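For reference, the structure discussed in these notes is given below.
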Amino acid sequence: SPSPLPVPRVAVVVFILKGKSVLLGRRRSSVGDSTFALPGGHLEFGESFEDCAAREVREETGLEVGKLELLTVTNNVFLEEPKKYHYVTIFMRAVLGANEAEQVPQNLEPEKCDGWEWYQWSHLPNPLFGPLERMVNAGFDPFPV
Ligand code: 8DG
Ligand code: MG
Ligand code: MG
């Protein structure tokens, strides 16, 4: 049968802030393989941005985040990639919840990620995942003023 028409999808991703660092992992995916990206994933039917962000962070890293804040949204159309994609990406930020000092990220989906590490904002790894790289190059800063 013919493949269905592609549609844009909604993703929610999270800058988890710890001091002047953020949590990133190297992707294992047909989309952005081997690039460094934030934890996050697809918005499910009926879900709030906050619930999606907290769920994806928990599923992927085991971390429990505190209050989540909406930062920005970007439209990511990549039709030249081996696997074409179009995501409307919601960027949130959070700090860790209670017992921050005891929380260590775990690589709970090793088939999708090489592992999570804290990276100083001033020393981000390369290459960043396209949607994130474009924001950083445009001067975006996720830290509160
Ligand atoms: P799910 O089944 O758990 O819902 O999805 P996932 O496997 O966790 O999806 P994902 O690829 O991690 O995230 C969904 C899409 O979000 C991804 O294909 C493209 C978009 N996206 C961005 N920027 C970022 C980012 O920094 N990190 C992640 N994880 N996804 C991002 O546009
Ligand atoms: Mg996920
Ligand atoms: Mg994910």
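Bear in mind these aren't lab numbers, they're just calculated from the coordinates by the rules spelled out. Just so you know, these numbers come straight off a predicted model, no measurement behind them. Backbone-built Cβ (ideal geometry, glycine too); neighbour counts: all protein chains shown.
Of the conditions (1) charged (D, E, K, R); (2) in a loop (DSSP other than H, G, I, E, B); (3) over 16 Å from M92 (Cα atoms), E47 fails just one. Which one is it?
(3)
Scan the range 44-58 for residues that are near ligand 1 (Cβ under 8 Å from one of its atoms) and surrounded by fewer than 21 Cβ atoms within 10 Å (Cβ to Cβ) and jot them down.
Residue satisfying the conditions is E44 alone.
Which one of L108, L96, L63 is within 13 Å of ligand 3 (Cβ to nearest atom) and surrounded by 13 or more Cβ atoms within 10 Å (Cβ to Cβ)?
Just a single option satisfies the conditions, and that option is L108.
Does the range 14-29 contain any residue that is within 16 Å of ligand 2 (Cβ to nearest atom) and more than 14 Å from the chain's Cα centre (by Cα)?
Checked the range 14-29: no residue is within 16 Å of ligand 2 (Cβ to nearest atom) and more than 14 Å from the chain's Cα centre (by Cα).
Closer than 24 Å to P127 by Cβ, within 16 Å of ligand 2 (Cβ to nearest atom) and either outside any helix (DSSP H, G or I) or in contact (Cβ under 8 Å) with a residue 12 or more places away in the chain (or both): is that true of V73 in this structure?
No; evaluated as a whole, the condition is false for this residue.
Test each condition in (1) out of contact with any strand residue (DSSP E or B) (no Cβ under 7 Å at 6 or more places or on another chain); (2) in contact (Cβ under 8 Å) with a residue 60 or more places away in the chain for A37 and report the one that comes out false.
If we test A37 against (1) out of contact with any strand residue (DSSP E or B) (no Cβ under 7 Å at 6 or more places or on another chain); (2) in contact (Cβ under 8 Å) with a residue 60 or more places away in the chain, just (1) comes out false.
Test of understanding: among A98, A54, which residue is assigned to a helix (DSSP H, G or I) and not acidic (D, E)?
A54
Read through the list (1) within 16 Å of ligand 2 (Cβ to nearest atom); (2) assigned to a loop (DSSP other than H, G, I, E, B), then give the number of the only condition that E59 fails.
Of everything listed in (1) within 16 Å of ligand 2 (Cβ to nearest atom); (2) assigned to a loop (DSSP other than H, G, I, E, B), E59 misses just condition (2).
List every residue pair whose Cβ atoms sit under 9 Å apart, with the two residues 6 or more apart in sequence or on different chains, where the first one lies in the range 128-143 and is more than 12 Å from L38 (Cα to Cα) and the second, anywhere, is among the charged types (D, E, K, R) and part of a loop (DSSP other than H, G, I, E, B).
Going by the 9 Å Cβ cut-off, the qualifying pairs are F143/K20.
Kindly evaluate V22 against the criterion of being surrounded by 14 or more Cβ atoms within 10 Å (Cβ to Cβ), within 11 Å of ligand 1 (Cβ to nearest atom), on the phi < 0 side of the Ramachandran plot and part of a strand (DSSP E or B).
In short, yes.
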